[in-house]
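Colleague: Please find one structure pasted underneath; my questions will follow.
The values are calculated or read from the model by the stated rules, or taken from the named source; none is laboratory data. Here the structure is a predicted model, which means the values were calculated and not measured. Neighbour counts run over all protein chains shown; Cβ positions are idealised from the backbone, glycine included. Quick note on the areas: whole protein, heavy atoms, side chains included, nothing else; ligands and nucleic acids left out. Shrake-Rupley method; radii C 1.70, N 1.55, O 1.52, S 1.80 Å.
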Amino acid sequence: MVRNYDPDRPVPPHARDLILHNALHAPSAGFSQGWAFLVLERPADRERFWECTAETAADPDSWLRGMRTAPLLIVCLSHKDTYLERYALPDKGWTDRDEARWPVPYWDIDTGFAALLMMLTAVDEDLGACFFGIPAARVRAVLDEFGVPVGYTPIGVVSVGYAVPGRRSRSLKAGRRPVTDVIHMGHWGTHHVS
Ligand SMILES: Cc1cc2nc3c(=O)[nH]c(=O)nc-3n(C[C@H](O)[C@H](O)[C@H](O)COP(=O)(O)O)c2cc1C
């Protein structure tokens, strides 16, 4: 995750287009593709985003100062109703559109897959990227500001640009969790390295 960008180097249009193209090739349940992407590239549009989301606009913290240098922001939105409609079709047959049928919200997960493909494409193009969430209290303001129709949920934002050195996230101090804690071979609690 890159949180500081060269403000004078925009994302080349071909890289932006490839990032978006690859996002649309993410997997989705029933090929529902219940997602949408709000691309903010013009300085005025990015400024509108930060104005809506910044919790302390008057005194930005170092995270915000770094993130504001990103020349490209892509807000990733999921659309649950697309999934409920898709699965009501004859080949799936969930005509009751009952959300309880869904063990987890695949509309959010699939949109997250798309976000990850964007970040991997950014790396392929020698760019840096960061996925971050919009604070819950600011979501409504973002939807209103950009005229997003009812039914779309922003699951997060991908910032993209050329990386400049920045401080490592404090969260990384905890270290990566050991494989033995996370991977269970054949039965919970069993782990072997081959
Ligand atoms: C759901 C989710 C939300 C995140 N939100 C933020 C965020 O709000 N701000 C931020 O700087 N990074 C955010 N991150 C990035 C994580 O902090 C990052 O993946 C983690 O620190 C590991 O860093 P690395 O991917 O560079 O190894 C988020 C990541 C995920 C998956």
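Colleague: Pairwise over distinct Cα atoms, reciprocal of the mean inverse distance: report the Kirkwood radius of the chain in Å, one decimal place.
Modeller: 18.6 Å
Colleague: Using a Gaussian network model on the chain with a 10 Å cutoff between Cα atoms, which of Thr82, Thr153, Thr121 fluctuates the most?
Modeller: Thr82
Colleague: Pop a pseudo-label 7 angstrom from the Cα along the beta-carbon direction at both Trp188 and Val150 and give the gap in nm to one decimal.
Modeller: Distance between label points: 4.2 nm.
Colleague: Once you compute Rg and the Kirkwood Rh from C-alpha atoms, what is the Rg to Rh ratio for segment 31-73?
Modeller: When Rh is taken as the Kirkwood radius, the ratio is 1.10.
Colleague: Mind listing the phi-derived Karplus ³J(HN,Hα) values for segment 138-154, rounded to whole Hz, using 6.51, -1.76 and 1.60 with θ = phi - 60°, and x for any glycine or proline?
Modeller: Once θ is set to phi - 60°, the couplings for segment 138-154 become 9, 4, 4, 4, 5, 4, 5, 4, 9, x, 6, x, 4, x, 9, 10, x Hz.
Colleague: Then there's this: With the chain treated as a Gaussian network of Cα nodes joined by springs under 10 Å, which of Val75, Val150, Val123 yields the largest mean-square fluctuation?
Modeller: Result for the chain, Cα springs under 10 Å: Val150 fluctuates most.
Colleague: In whole Hz, with x marking every Gly and Pro, tabulate ³J(HN,Hα) for segment 62-75 from phi via Karplus 6.51 cos²θ - 1.76 cosθ + 1.60, θ = phi - 60°.
Modeller: 5, 4, 5, 4, x, 5, 5, 7, 5, x, 9, 10, 10, 7
Colleague: Could I ask something else about it? Ratio of Rg to Rh for segment 45-134, alpha carbon only, Kirkwood?
Modeller: 1.12
Colleague: Label-point separation (nm) for Asp45 and Lys92, each offset 7 Å from Cα along Cα-to-Cβ?
Modeller: 2.9 nm
Colleague: On the principal axes of its Cα set, how long, how wide and how thick is segment 70-122? Give whole Å, largest value first.
Modeller: For segment 70-122, the Cα extents along the three principal axes come out at 44, 18, 15 Å.
Colleague: Continuing with the same structure: Students sometimes get this wrong: rank Phe31, Phe132, Phe113 by accessible area, probe 1.4 Å, all chains present, largest first.
Modeller: Of Phe31, Phe132, Phe113, the descending order of accessible area is Phe31, Phe113, Phe132.
Colleague: What is the distance in Å between the Cα centroid of segment 1-79 and that of segment 135-194?
Modeller: Segment 1-79 and segment 135-194 have Cα centres separated by 15 Å.
Colleague: Give the long-range amide H neighbours of Val164: residues separated by 5 or more places, or on another chain, with amide H under 5 Å away, using H modelled in the peptide plane at 1.01 Å from N.
Modeller: Asn4, Tyr5, Asp6
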